[in-house]
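Data block below; observations after.
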Amino acid sequence: MSLMEDFCGSEFWLWKISVDQNFGDIKLVDLGLEYTFCDPMFQRHSSRMDSIVTILLLIVSICDAIYSIVKIAQNSSYHKYLLYSTLIRVLVIAVQTFNRKKGIATSGSLFIFWALLSICNAINVYSLISESIQIHIHSSNIIKDIEEFTNTTSLIYLPLVLVQLILSCFSDASQQKTEKELNPKETASFFSKLWFFWFSTLIYRGFKKSLIQEDMWTLSPGNRTDVIADRLDAYLTKKRNQKQKQNKNKENTKLKPNESGEKINIIWPIFKMYWTHLLFVAIVKLIPSVLTFVSSLVLKELIGFMQSGQYGDCKQPLWHGFLFAIIMFTSSTIESLLNSQYDYHIFVFAMRVRSALISIIYNKVIKLSPNGRKVFTTGEIVNIMSVDTQRVMEYVQLANLLWICPLQIGISIYLLWQELQYGSLAGLIVMLALLPVNAFIGARMRGQQIRLLKQRDQRTKLMSEILNGIKVLKLYAWETSFDQLIRKFRSLEMKNLRKQAYLSAGITFAFNSAPFFVAIASFSTYLMIDRSNVLDAQKVFVSQAIFNILRRPLAFFPQLITTTMMFFVSIRRINKFINCDELKDQSPGIGGNQSKDHQSNGKANGVTNGIANGMSNGKSKSDSQIVLSNASFKWDSDETTPSLSNISLDVKPNKLIAIVGKVGTGKSSFLSALLGEMEQISGYKNIIGSMAYVPQQAWIQNASVRNNILFGKEYNSDKYNKVIHSCALEPDFALLSGGDLTEIGEKGINLSGGQKQRISLARAVYNDADVYLLDDPLSAVDSHVGKHIFDNAIGPKGLLKNKTRILVTHKIAVLPHVDEIVVLKDGQISECGSYSQLIRNGGSFAEFLAEFMSDGPEEIVEPEDMEIIEEMANHIERQLSRYSSNGTEFMSDGPEEIVEPEDMEIIEEMANHIERQLSRYSSNGSIRRRFSMRSSSMISGNDSEAVETENALKQKTEDKKKIENSKLISTEHLKTGSVGYKVYYDYMKAIGIFGTIVLVVAYIAANAFNVGTQVWLSDWSNDAHVNGSTISTQERLEVYAGLGMGQTIFILIATITLNLSCLRGSSILHDRMLDNVIRLPMSFFDTTPIGRILNRFSKDTDVTDITLSISIRTLTIEFFRTCGLIANIALGTPVVLVAFLPLGILYYGIQKYYISTSRQLKRLESVSRSPIYSHFSETVAGASSIRAYGAIHRFIDESNRKVDINHTCYYPSVVSTRWLTVRLEFLGNCSVFFTALFSVLYRGSLSPGKAGLAITSALSITSALNLLVRGSTDLESNIVSVERIIEYTKEKQEAEWFGDTSKLDKSWPSKGAIDFNNYSTRYREGLDLILKRIDVNIAPGTRVGIVGRTGAGKSSLTLALFRIIEADGGSIAIDGVTIANLGLQDLRSRLTIIPQDPVLFTGSLRLNLDPFNRYSDDELWTALELAHLKRFATSLEAGLDHQITEGGDNLSVGQKQLVCLARALLKKSSKILVLDEATAAVDLQTDELIQKTIRDEFFDCTIVTIAHRLNTIMDYDKVIVMDSGTVVEYDSPNALLNDKHSTFYSMTRDSHQRNRLHNNFYGLLDFTLSL
């Protein structure tokens, strides 16, 4: 100490002397702080300083330094600290000036330095002023001169330092121009960052107006998803490379999760990416976690100060009490600031974790193999990305509590030992006894959570399928069945939620009551161990303060246990998904050229792949574009036999190759193999160049038509116009309200099948790839449009003539125009060659054609196909003309061939088939007339105008109004302002009024008991000083125990009541929403994205199930707790309420100022979340197309962009909470300070017990107020989910399902008469009429075909029949009954329809046929037999219980359509059958089966058919021709064809071809039949 005294010139610290004496010599702190914080090693930035202040500080410091040197030279007794202090000040100013010139804007260390230096100098100045008042000169003149000079410079220096401190609160203005939306944190000062002042601008903006997305700031680079994803990918790549080096001698050198056997645990890579950041936040958390005990230690000294003033002989100086109050305030403020900084950084880290998880899940989805897709359905994958990533993020925010809680518990036990000795061990035993309870409940909750997630996945998946197939459900009147199915899954989910509620209540009870049990055990043990032990105010309230600290880590345990269990379940699901099989790096979108090592290794295994943009494996582009050699492929690695085997094919550049074969022969699989979608198990495959792919079922994005076609390519108007012309899209653009800028709904809901397919084809053509893979693109368009597309796009004269094209087709008319035909049979290439070669060979191709035309007289042949039939007939004629006299041999066109008799049977059968084709439409026995009708050139009702009006599209304007009118999908409504009280009232009614009352009463009683417990302890602590020893210890303990038990019992009652009531409310809201959504009109589903609706049934329902109850519990507990604490403070120091009044006003004002911004941020975050899931679902559906086009990176970037948009809303939401917390906790710390201050001031009249009660309660009120605001904010944020659910319960429903059927005959409709009486309708309010004054009478048993061009109103007519759209005028009557007077279920259940899109649902085959279980197994098998599915169904191991996968993916398109036919056959008792283009998307064989069954089984029904192929209705009784929503013609086909001026005739003109075909065949058929 002598060294310090010599350095300072006085004693360093004397506790017992007065404040004036003590603070007058606090020089060393000044010097020490300057040395510590001004060391250049600690400088990172420099704060902005005003030039004048800098110069003045420099002058004063230099003067002090010179004066000190002079005085030291004159008198060696001069204090050396003055010299060092002034020299360091000069150095600080110099360093600041230098750093400022370098452009450094702010410094945390300098701010802290100036703050502490200001405090030290203020104390010195205070001491100087005090000493001046009581001046006593005992020193020499030199010392007097020194003091006069140093006192003068100190008085000058203090204001300058204070100005410098103020200036350090602001950062220097950046000299670089920044973006307007740049996050202001990037340029904020240290002080602003510490107190989150930089966020105040957004708080103010949100207070003044409703925030919108444009108000959000851009994310900093470290928070952007693409940056995070790149870091994660780099780490994983490095890990793979290391593993490859270890396995370089093994067969598989590529590290894949399924190949190497090593599973990726995604948590470890993320941890290693951010371990330094995590270490930093852990240190930041450690300091306040320890600092929280300072208040308890100071409280002990303060209560001792109070006791010395009231009971002691020697009172402590008053300034001691003030110092204790200041220390409590300062430590609490520092703790609050550090906790807020920790929360900010850990929430930002959690956001980064979410970005990383979404990124890797998205990347996995886009590379997932078919084998991997079998493991997870679309609904499950969406749940993993939405729910599981959210839970991992929430757990990351709490993860540090795993070590913080034990640390605080340990420190608490140590401090309790200091107060209660062995009594603290009793408390420790109680806590240890709770651990087995914790473990047991945690294990049970984990099991419940796993079951709950599985059930939630099932419900969400089924709900997704229902929403995707809602139109079919309404047409079939199946809503009630699937409603009950959803309720079944929901009931199982609720059963597990109730079990979880009881477990949660148990664990909450255990840990909320833990502090009381610890206290009673500790106090009673302490008192019973030694009779001399007494509980005075110090022991009671210091222990109580420690118990309150202990309460926090113990209270966090229930949430920590729950989130930990949920975390492990979620991370296991995520890991399982990202470790699923991926496609090998042979897909054009996934990999590129493979290394020589890989190729050589592949050859060793019999597998070689190569995909390149130029050269590969030594073959140049001039040689071959596609090479396959003995290649075999399979979909599933578990398959024993390959789907495609021994495929050998050599495709030259610019060739058109047709792939043909029967259904199920592997045509689509062949294209998938070329795309790399299948696993190659042997052989060689090489493809040169980029690819474009047109799938059989068109994949359409929720974007404009133009963007669907451009697909990321740059817009070129000339090229674009050529493409849309070649794909016959110009007329469609003319009809669309916004032209090609019209927005397409999800899955192309507002487009016809033909339009979707042509847009898909246009996308491929515009892509300008090297290789085109076309999977039957002509099947969904009529023959005339198909011919136009083939001629202008695909064929030898089309835009793709200089490209390599692989075309899968059922259109035999195009086969003569292709370069080569490949015939597939049983997964193998049976033959290939040119058309003429295959005709001459008479092999598999001839068999294919024969089978195509051999199923009897009812099959269908397209007009262009008649040319092929003609050529075949000519060939047969040539064959037969050479037939020898003995019938055993004939000469073909080539060398002499012997034809066996059985081969002649095939030829004769083909000839007979031609006769049947020509005679099938006969009405008067004349083959000439019949065939001329049959072979007419037919043009589809959907697309026939494609060529006739190819110049009809006028130049479109880019006017904003037109674009706006073209939008189909409505923007999600973003509510503003506070959540209405009506929402709270509706939710209260849902959870139950009785439950609400019980809940409130239980919490009031629990907190009343708590206040009583605290008051009782306060009174008890005064006994020691009143009587010198404890009075009635037994009585005191019993009352204390009784009050505490009453509190814990009512907490248990309240928790159970709250959990069960919230579950009841959630169940009711979900069921109401389900009931209403399933009854909403189709117009709602047409304009609302499925992802948005599904978000209500997944995320919002999850919030009402679990999260909302936590928010309500937090709010309720903290509200009553705050009321109790204020009551305790008022009982102890009533006068402090005067100070509480302005604090309360500020508290309320800050909360109101904050709440509007927070509310809008939560809503923006919720709204911006839906596009992430919609885009994700869209990607899952179109993954193969995305890979084929090589658009993986673009889609990943788009996903990252949508995540970043969501995080631009989530990030300020996180910061807003921290902004509020800092301010409210500061007000709470002020309340602690004022309580302590008034206790000090009134120590003479205030007992230590009451003072301890007041200060202990004040210490707790900070956290209580913070949690109260957080609870109220969380409640208002989470109640938004209730608001969103209630919104869907109040959407306007369609008409009533069931009407008064007492007057309706049970057999209605018994005849099938349909009358349209001046009928008009529109799709939605505000749109034009789509049907205008329709007057049509359809007689019972009539077969009516409806034809017309796109937009004519054909489908609208059938939708009106089922009341999918309602009448705007007129009426429709069936058998004399006006359908508008019937319930929708009554109507729809009595009509039968086979829709265009065959929609199947996950579940058994039985469920998909008969969801109501109305039919017996025999009836189901009969329907399957008539639908030509019995053979397939009997081959299934489970038969009718065979499980259909999501969307019917394990059935072919044709099989799915036949299931729809079987559904109709089960309802064939209905007298009305509607076919809505039922065969538009199926191959000709399936079309044939459907048409044959319909004619046989529905012969006595009224049949209404929207004709896709006009030949299907040529033998109908009537034809309705529609145009622009009106009926322009209604007559028999013959009558309309005989009228050359009729619209129908113009659609079927081409008589010269009919006559030519007839003349060629007539004599041939007679000759053939005579054989």
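Approximating the spin labels as points 7 Å out from Cα along Cα→Cβ, the Thr330-to-Asn1381 distance works out to 9.0 nm. So what is the relative contact order of the stretch 1108-1241, in percent, for Cα pairs below 8 Å that sit 6 or more residues apart? Once divided by the residue count of the stretch 1108-1241, the mean separation gives 41 percent. Between Ile993 and Glu1325, residue separation times 0.36 nm minus the direct Cα-Cα distance comes to 115.6 nm. Here the simple spin-label model places points 7 Å from the Cα toward Cβ, and for Ser1371 and Lys209 these points are separated by 5.4 nm.
Ordered by 1.4 Å accessible area with all protein chains kept, Glu1529, Glu1291 run largest first as Glu1291, Glu1529.
Can you give me the Kirkwood hydrodynamic radius for the stretch 408-455, using every pair of distinct Cα atoms, in Å to one decimal?
12.8 Å
Of all the C-alpha pairs in the stretch 1085-1213, what % are more than 26 Å from each other? Pairs farther apart than 26 Å: 50 percent.
Summary value for the stretch 1051-1184: 39 percent relative contact order, contacts being C-alpha pairs under 8 angstrom separated by 6+ residues. With the highest mean first, a sort of the peptides 662-672, 529-539 on other beta-carbon atoms found within 10 angstrom per residue produces 662-672, 529-539. For the stretch 659-703, the square roots of the Cα gyration tensor eigenvalues, ordered a ≥ b ≥ c, give a/c of at least 1.5 with a/b no greater than b/c, which places it in the oblate category. Taking label points 7 Å from Cα along the Cα-to-Cβ direction, Ala1535 and Leu162 give a separation of 10.5 nm. Placing a label point 7 Å from the Cα of Lys495 along the Cα-to-Cβ direction, the residues of the stretch 431-447 with a backbone N closer than 17 Å are 447. Among 400-406, 674-680, the peptide with the highest mean count of other Cβ atoms within 10 Å heads the list, and the full ranking is 674-680, 400-406. Between Lys1468 and Ile529, full extension at 0.36 nm per residue minus the direct alpha carbon distance yields a gain of 329.0 nm. Using 1/(1 + (r/R0)^6) with R0 = 56 angstrom and r between the beta carbons of Phe271 and Ala1339, what's the FRET efficiency to the nearest 0.05? After rounding, the FRET efficiency stands at 0.15.
A Förster radius of 41 Å, combined with the Cβ-Cβ distance separating Asp1075 from Arg1201, puts the computed FRET efficiency at roughly 0.65. Can you tell me how the stretch 980-1107 classifies by the Cα gyration tensor, rounded, prolate or oblate, using a/c under 1.5 as the rounded cut? In terms of gyration-tensor shape, prolate. Each peptide in 1311-1321, 685-695, 1326-1336 was scored by the mean count of other Cβ atoms within 10 Å over its residues; highest first, the order is 685-695, 1311-1321, 1326-1336. Full extension of the chain segment joining Ser1416 with Leu1436 gains 5.3 nm, where the gain is 0.36 nm per residue of separation less the Cα-Cα distance.
Can you figure out the FRET efficiency of Lys239 with Phe568, using R₀ = 25 Å and their beta-carbon distance, to the nearest 0.05? About 0.65, to the nearest 0.05.
The values are calculated or read from the model by the stated rules, or taken from the named source; none is laboratory data. Keep in mind that what you see is a predicted model, and the values were worked out from it rather than measured. Quick reminder, even Gly has a Cβ in these numbers, built from the backbone with ideal geometry, and neighbours come from all protein chains shown. Surface accessibility is based on the protein's heavy atoms, side chains included, excluding ligands, DNA and RNA. Shrake-Rupley method; radii C 1.70, N 1.55, O 1.52, S 1.80 Å.
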